[in-house]
1. Can you name every residue in the stretch 92-147 that is under 17 Å from R71 (Cβ atoms) and among the small types (G, A, S)?
2. Looking only at the stretch 82-97, decide whether some residue is in contact with a Lys or Arg (Cβ under 7 Å, 6 or more places away or on another chain), surrounded by 17 or more Cβ atoms within 10 Å (Cβ to Cβ) and free of Cβ contacts under 8 Å to residues at least 60 places away in the same chain.
3. Please state which one of S52, S58 is without any contact (Cβ under 8 Å) to a residue 24 or more places away in the chain, surrounded by fewer than 18 Cβ atoms within 10 Å (Cβ to Cβ), more than 26 Å from D133 (Cβ to Cβ) and under 20 Å from the mean Cα position of the chain (by Cα).
4. Among the numbered criteria (1) of a type in the set (G, A, S); (2) loosely packed, with under 15 Cβ neighbours inside 10 Å; (3) within 24 Å of the chain's Cα centre (by Cα); (4) modelled with pLDDT of 90 or more, which one does A77 miss?
5. For K75, indicate whether it is of a type in the set (D, E, K, R) and assigned to a loop (DSSP other than H, G, I, E, B).
Amino acid sequence: MAKVAEELKNGQKETAGQNNVSLVALLQEVQERYNYLPEDVLRELAREKNLSLMEMYSVATFYKSFSLQPRGKHKVATCSGTACHVRGSEKVTEELSRVLGIKPGETSQDGAYSLETVNCLGACALAPLVVVDGEYHGNMTAARAAALIKEHLKKSRGLSAAELEQDVEKKAWEGCSCAILLAGNDKK
């Protein structure tokens, strides 16, 4: 990751008073390249742009599109805005969490999927809404969301329907506190 700032600077025009604009553009390029903002790259960019690391982090944490943690190759987002919430987005999110085996804000161990909730996706007429890799899916129910993500999982992992069901059930069982207690893995 050395000299990333130098590579990213090429082609970037910085005009007086637009330091934050060019910084956002640089951070977008870093995010695109690494799928998140690695700390060592932020440190290098801060040095190159004569900014403090705090200034870098203030911009990086201001915008929801930036992540300081690695994100999955595939991004799944559910809307938790008012229209989506009153139409059942919580159950949709719970089902996606069960099928993916991760909670909102987490990335799967294999780095394939990230699940997040967002305050609004701007398509309230389609509530509740799920976005998978930038593709909007409206009027979702828990069952429709499960079918959508299972189809996506089958394609991305090359699994048969039966193999996928076993994988989903295994993840659901592993995440169940009952299973942890029965297996004797209670770490409290």
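The values are calculated or read from the model by the stated rules, or taken from the named source; none is laboratory data. As the structure is a computational prediction, the values presented were derived from the model and not from experiment. We place every Cβ from the backbone using ideal geometry, glycine too, and count neighbours over all the protein chains shown.
1. Within the stretch 92-147, S97, G101, G105, S108, G111, A112, S114, G134 meet the criteria.
2. Within the stretch 82-97, the first condition is being in contact with a Lys or Arg (Cβ under 7 Å, 6 or more places away or on another chain), and the residues that meet it are 97.
If we keep only those that are surrounded by 17 or more Cβ atoms within 10 Å (Cβ to Cβ) too, we end up with 97.
Those left that are additionally free of Cβ contacts under 8 Å to residues at least 60 places away in the same chain: 97.
Yes: one or more hits.
3. On the way: S52 fails: under 20 Å from the mean Cα position of the chain (by Cα).
None of the other options fit; the residue is S58.
4. (2)
5. Values: of a type in the set (D, E, K, R): yes; assigned to a loop (DSSP other than H, G, I, E, B): no.
Considered against the rule, which asks whether it is of a type in the set (D, E, K, R) and assigned to a loop (DSSP other than H, G, I, E, B), K75 comes out as no.
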